Amino acid sequence: MTGTYLGMPAFPTAAREAVRDDVLRANLRHATHTIRDKRARAVAELEDWDRLRAAGKAVKDHTLRHLDRYLLELEASVTAAGGTVHWAADADEANRIVTDLVRATGEREVVKVKSMATQEIGLNEALEAAGIAAYETDLAELIVQLGHDRPSHILVPAIHRNRGEIRDIFRAEMGGWGRPAPEGLGDDPRELAEAARLHLREKFLRAKVAVSGANFMVAETGTMVVFESEGNGRMCLTLPETLISVVGVEKVVPTFRDLEIFLQTLPRSSTAERMNPYTTMWTGLGPSKGADGDGPSAFHLVLLDNGRTDTLADEVGRQALRCIRCSACLNVCPVYERAGGHAYGSVYPGPIGAILSPQLRGTGSEIDASLPYASTLCGACYEVCPVAIDIPEVLVHLRERVAQGGPVTREGIRVRIRPAHGHTAERAAMRAARLLLDHPGALRAGERLLARARRLRPRGLPGPGRAWTDTRELPPVPERSFRDWWTTRERETPQ
């Protein structure tokens, strides 16, 4: 997976820098609190939310268990509808396929509707290296691209920017990418949106090739589904002559009827709307080009693996593939709210990124080994997830992998990885705890000794423990252990 931002430090180092940025924290706090409060009200309107959540989980789990069958069915359906299916094992293969398809048209520019899969594989950079310009058309993605920036949120990639910063970016950069910003552009949201609309309109009308993602793919019909809020997706999906969709293999669902669940849960969990403004669906080719025709005359679907089948082999970690990219977990996460998305060093930030990126990319790099620890394990992410991904469970599972090593699947082969560097003390502490817990007598003696020495409790811990007590107080030691208290209670309670 190529989505690691080169030069990014491990999460603790990046987060330490981010929390010192007062503007960033204020932007994140305002945005995440606003979105999550609206989401809570939208979800509360549905009396059957818990049943919808369970149904979404069941559909995704069933699909993942039979992924091979549904992907072949999808390929047959798309082909029957006039499309062409390509299989990409990794980022390099996907980039090569898309680049060759664009070159075959003779074009040197493409318009894009927001696709995290293309960000994951670094498609824009690959196209640029081939002399092809890729223009983002989602408003937030446009802001990120014009600002030579990186996305920091799944739903709102420019969440770390305020209106004044966006105005300055538009004024300085729009002219170099196409139509310049209007003279005297202010920071009113309507002015900024109109400037973006005018800038993008000429690209929509000129582009002959578009690249998209998809929120869902329906196996039985070969239908692609895109949820969006601005209408840019519909422009990309209907105006160009060639449409190339790059989609992760986990986005498939078995039947058209399954969409009923996600049409209700995704908009409420992401934008806090009862339904999103634009739901675009297409199956194969559009109507024939002509006076009354619309839609592409060539459709290509690139099915992307890039670590997904390796993740599928992990019985605990595979639940991350249920993710429908709603971003609800980011908006309730106290760590994301303070550190922001850039600290995660991946296109997938927040709690879902902390479990998805280390599985897609492996835990060999310093940043990926640190991501499972980028959480308080408070469980708020699990509570809001519309497909019930137990993110805390996967985080603990990945922490064990980082600290202990063990068997994992890499490129379809079962291998054993070594523990990550810097976890020797943690492993020693776990072995000591296991030894102590296996011998109740020693545990009881240790508890009593600790209780008698409680007045000598230090203010902080030495060695690796300093990282914990530097930011929190060491709790006081009780006068006696729970075991002793319970024994005394049972003895004194009348039978």
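Remarks
- Annotation: Cα Rg of the chain relative to the compact-globule expectation 2.2 N^0.38 Å equals 1.10.
- Among the cysteines of the chain, Cys236, Cys323, Cys326, Cys333, Cys378, Cys385 have no other cysteine beta carbon within less than 4.7 Å of their own.
- Karplus (6.51, -1.76, 1.60) ³J(HN,Hα), θ = phi - 60°, over the range 209-218, in Hz, Gly and Pro reported as x: 10, 10, 10, 10, x, 7, 6, 8, 10, 9
- Carbon + sulfur, % of accessible area of the chain - ligands and nucleic acids excluded, 1.4 Å: 53 percent
- The listed residues Thr137, Thr471 rank as Thr471, Thr137 when sorted by accessible area, largest first, using a 1.4 Å probe.
- Shape class of the range 14-68 from the alpha-carbon gyration tensor: oblate, with a/c at 1.5 or above and b/c at least as large as a/b.
- Between the range 466-495 and the range 297-360, the alpha-carbon center distance in angstrom: 40 Å
- Which of Leu443, Leu64 is most accessible, then next, and so on - probe 1.4 Å: Leu443, Leu64
- Note on surface exposure: Leu139, Leu436 rank Leu436, Leu139 by accessible area, highest first, 1.4 Å probe.
- For the chain, accessible area per residue (1.4 Å probe, heavy atoms of protein chains only), Å²: 48 Å²
- Within the range 1-101, the trypsin sites (Lys or Arg not before Pro) that combine a DSSP coil assignment with at most 10 other C-beta atoms in a 10 angstrom radius are Arg20.
- If R0 is 56 Å, the Cβ-Cβ spacing of Ala76 and His30 corresponds to a FRET efficiency of close to 0.70.
The values are calculated or read from the model by the stated rules, or taken from the named source; none is laboratory data. Small disclaimer: the values here were computed from a predicted structure and weren't measured. Note that each Cβ is placed from the backbone with ideal geometry, even for glycine, and that neighbours are counted across all protein chains shown. Note: areas computed on protein heavy atoms with side chains; ligands, DNA, RNA excluded. Shrake-Rupley method; radii C 1.70, N 1.55, O 1.52, S 1.80 Å.
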